[in-house]
Amino acid sequence: MADDGDGKAIVRRRFLVSGIVQGVGFRPFVFRRACELDLSGWVRNIPAGVEIEVQGTAGALFAFRHALAHELPPLAVVTSSSAEDIPLLPERGFTILPSADGEKNIQVAPDSALCGDCLRELFDPADRRYRYPFITCTNCGPRYSIITAIPYDRPRTTMAAFPLCPDCLLEYDDPANRRFHAQPIACPACGPQLRLLDHAANPVAELDDALTTAVELLRAGQILAVKGIGGYHLAVDACNPEAVRRLRERKKRDEKPFAVMAADLATAQRLAVLGDMEERLLTGPESPIVIAPKAPDCPVSPLVAPANGWLGLMLPYAPIHHLLMRDRFKALVMTSANVSDEPVAFEDNDALRRLSAIADFFLVHDRPIHVRSDDSVMRVFQGKPLFYRRARGYAPRAVRLPFGTPPLLAAGAELKGAFCLVQGEQAFLSQHIGDLQNSSTCDSFRLAIRHLSGILEIAPRSVACDLHPDYLSSIHAAESGLPLTRVQHHHAHLAACMAENGLDGAVIGIIFDGAGLGSDATIWGGEFLVGGYDGFQRAGNFLPVPLAGGDAAVREPWRMALSWLYRSMGEDAFNLDHPVARRLNDTERGIFAAMLERGINAPLTSSCGRLFDAAAAVLNVRHTVSYDGQAAIELEALAETAQGPGAYSFGIAAGERPVIDFTPLFADILADMAAGAGTAAMAYRFHATVARAAVDVCTRIAGNSGLDRVVLSGGVFQNRLLTEMIYTGLLDRGLQIFTHRLVPPNDGGIALGQAAIAGWQERR
């Protein structure tokens, strides 16, 4: 350190920065900021992140450090940063040095929405990228979906087949340009191009004509398959009921809501009721689908989200979306391009083969997608984001564990499949893969594991999976040949919420979901656990009742309704003047009663999800379902239209642990129905009853255990109304509540919990 007079010291300092700091404009940002502050030195990429040496006055270095913390490029994420003073050097100017070797700590940037600068250029007739559907820069565009290997540079992306023209090369090599080392950049002279094909793959139009014709077709009610960043979408005019009906028919998606893309934020505000957080999520670089209440005069066809007061809404995030929608449509349905539960199509030949019976035309391009990635889905709870599906825009961004572990793989569950790779304190959760119940989704699961472990250079030494041995994720884990840790499903939910909140020690977990194999070989789902990463105790649960018909009961909620009514009333349940009782003839009633009495194809379950199904069926909201969670979703939507005091009866059986018996609830509902109570009011009272029971049991456990920290996890906590009721009730009892923010509460986040539990055991 040398004194510059007047109390100003000359200092040289080395910074080591880790996180998503490569391929996101971090080095040019450092270069420009250093030059503005008249600092000398250099910056370079290293395998662990970015290394910087800067020299100048102490005041300038203070401003530089502030910039590193608070003025980052849009896509940069710093997970750790260190600084140390080092000896001065006689040098002038600031430079960007070639990359260096060293210990690796690789993190990959997720795909990102088009930035404001590129959007202005896209519609500027004077710009050379005017109306170019692949405009991008360092601050936006595809990342994870186009990376084929590391280190991240153009030859190791799907842009390798598009050599830069002289004009693009000048931008690429200029540190003062926002396209400096932006690997996906291109222009009409050197980059990918659009084509429009009919359903038989015959050419219809090219370049800008392809866009113009595509818009005309959408206006005419045609169904288009549109190739985006992470895969194909199926698109129709969301305000055209006939077009939406045909899409449902062809896609074999009877009632599950479609996602909608609004032209811009002002249009989105006319479609849905948006708060500040919803607007921030919609306009952020991640650009997820945000679930928000429909506006009273929403012009979108009711067929988009039938029997649902909510709308899944997103804004254009790829240039092709902006070009399709600009001043042309209020909203387009933009739903994943697949049939039923298959994975989203992302490869051109596969898309043409699988979607030819659905799409009338295909808007395609010649930039390959290397990794498929669905849109992320979120909703706002307590003013903060809550994931339903974590994928494009967020994956594979790391979640930091509260402790370090050896390299390992967590395979996740079977529904809403996602896996997790861990190295040190960094847990990399994959994009949403889908339900691992068909071969194509399993193939996608295995390919995604190979790809992500390859680009992150993580070689797992062990693997974790669900306790259920027949899950395809568990089978994959067992076949790996690595040391295996099997983790009970609800314990993994508890640990996932703990891990993302940085908790250690023991907590109380309220874990409500559809199903998970319990440690007693029954089907759990309405659970109160006490424990941490090192183990758990089942401290309370819902009363187990027969799952009449096994898996059939998941598709037919009337079965769960009869199961509960039979427990409440015996064989008199079959004589009720109610649709669920009238589904069975005299012979079938005897078979059904025997099934319940003897447990024949009727395993016991404490599932909270199946309790919601039973209530929905008794209230005649939904007797059968066409998609996962439909009955509970429609029951919640109905309940949200009613407010008021009141709840139904329930019991708490004393014993080794409290067991909540909801049998009295169903008698109360029948009495309410006989008295002519409104269905919405009864749906609201049902939610209030479940919440009151949960709060009472949790408070009892807290008093007995001395614990005051409670985590809420499991797919049922996607229910905003129930979560709000439980959250508020627990706060009123003086307890600390922790919810999910970084991963979904459903099975899409369970791999993080498996990883934390297995990693803890590895540490020990």
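The values are calculated or read from the model by the stated rules, or taken from the named source; none is laboratory data. Given the structure is predicted, the values throughout are model-derived calculations rather than measurements. Here Cβ is always computed from backbone atoms with ideal geometry, including for glycine, and neighbour counts include all displayed protein chains.
Of all residues in the stretch 436-448, how many are buried (at least 18 other Cβ atoms within 10 Å of the Cβ) and in contact with a helix residue (DSSP H, G or I) (Cβ under 8 Å, 6 or more places away or on another chain)? It would help to see each step written out before you state the result.
Here is the first cut: in the stretch 436-448, the residues buried (at least 18 other Cβ atoms within 10 Å of the Cβ) are 436, 441-442, 444-445, 448.
Next, from what is left, pick out any that are in contact with a helix residue (DSSP H, G or I) (Cβ under 8 Å, 6 or more places away or on another chain): 436, 442, 445.
Residues meeting the conditions: 3.
Test of understanding: among 727, 684, which residue is over 19 Å from residue 507 (Cβ atoms) and more than 19 Å from the chain's Cα centre (by Cα)? Even if it seems obvious, please write down each step before you answer.
Numbers: 727 fails: over 19 Å from residue 507 (Cβ atoms).
Sole residue among the options that is over 19 Å from residue 507 (Cβ atoms) and more than 19 Å from the chain's Cα centre (by Cα): 684.
Which members of the stretch 234-283 meet the condition of being charged (D, E, K, R) and assigned to a helix (DSSP H, G or I)? Steps first, answer last, please.
Going residue by residue through the stretch 234-283, those that are charged (D, E, K, R) are 237, 242, 245-246, 248-256, 264, 270, 276, 278-280.
Of everything in the stretch 234-283, those that are charged (D, E, K, R) and assigned to a helix (DSSP H, G or I) turn out to be 242, 245, 246, 248, 249, 250, 251, 270, 276, 278, 279, 280.
Take the residues in the stretch 322-363 that are closer than 24 Å to residue 134 by Cβ and among the hydroxyl-bearing types (Ser, Thr, Tyr), then tell me which one is surrounded by the most Cβ atoms within 10 Å (Cβ to Cβ).
335
Yes/no matrix, rows are residues, columns are (1) over 36 Å from the mean Cα position of the chain (by Cα); (2) farther than 27 Å from residue 518 by Cβ; (3) hydroxyl-bearing (Ser, Thr, Tyr); (4) not assigned by TED's automatic domain parsing to the domain that holds residue 569:
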site: 594; (1), (2), (3), (4): yes, no, no, no
site: 630; (1), (2), (3), (4): no, no, no, no
site: 640; (1), (2), (3), (4): no, yes, no, no
site: 644; (1), (2), (3), (4): no, yes, no, no
site: 680; (1), (2), (3), (4): no, yes, no, no
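Could you go through the stretch 668-678 and let me know if any residue there is buried (at least 20 other Cβ atoms within 10 Å of the Cβ) and within 30 Å of residue 504 (Cβ to Cβ).
no
Consider the stretch 140-194. How many of its residues are more than 31 Å from the chain's Cα centre (by Cα) and of a type in the set (Lys, Arg)?
Going through the stretch 140-194 one residue at a time, the tally reaches 0.
Each row is one residue, and each column tells you yes or no for (1) touching a Ser or Thr at 6+ places or on another chain (Cβ under 7 Å); (2) buried (at least 22 other Cβ atoms within 10 Å of the Cβ); (3) over 16 Å from residue 25 (Cβ atoms).
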| position | (1), (2), (3) |
| --- | --- |
| 96 | no, no, no |
| 101 | no, no, yes |
| 128 | no, no, yes |
| 132 | no, yes, yes |
| 150 | no, no, yes |
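Determine which single condition residue 676 fails, assuming it passes every other condition in (1) free of Cβ contacts under 8 Å to residues at least 12 places away in the same chain; (2) assigned to a helix (DSSP H, G or I).
Residue 676 satisfies every listed condition except (2).
In the stretch 80-111, how many are among the β-branched types (Val, Ile, Thr) and at pLDDT below 85?
Step one: of the stretch 80-111, the residues among the β-branched types (Val, Ile, Thr) are 86, 95-96, 106, 108.
Now restrict to residues that are at pLDDT below 85: 106.
Residues flagged as among the β-branched types (Val, Ile, Thr) and at pLDDT below 85 within the stretch 80-111 amount to 1.
Taking the residues in the stretch 572-613 that are of a type in the set (Ser, Thr, Tyr) and under 17 Å from residue 522 (Cβ atoms) as candidates, determine which candidate is surrounded by the fewest Cβ atoms within 10 Å (Cβ to Cβ). Quick ask: steps written out before the conclusion?
Taking the stretch 572-613 as the starting set, the residues that turn out to be of a type in the set (Ser, Thr, Tyr) are 587, 605-607.
Narrowing further to those that are under 17 Å from residue 522 (Cβ atoms): 605-607.
Details: 605: 28, 606: 25, 607: 29.
Only one residue fits best here, namely 606.
Can you name every residue in the stretch 520-551 that is surrounded by fewer than 22 Cβ atoms within 10 Å (Cβ to Cβ), aliphatic (A, V, I, L, M) and modelled with pLDDT under 95?
Of everything in the stretch 520-551, just one residue is surrounded by fewer than 22 Cβ atoms within 10 Å (Cβ to Cβ), aliphatic (A, V, I, L, M) and modelled with pLDDT under 95, namely 521.
Looking at the stretch 239-260 only, could you name the residues that are closer than 13 Å to residue 377 by Cβ and surrounded by 22 or more Cβ atoms within 10 Å (Cβ to Cβ)?
Start the filter on the stretch 239-260 by keeping residues that are closer than 13 Å to residue 377 by Cβ, which leaves 256-260.
Scanning the stretch 239-260 gives 258, 259, 260.
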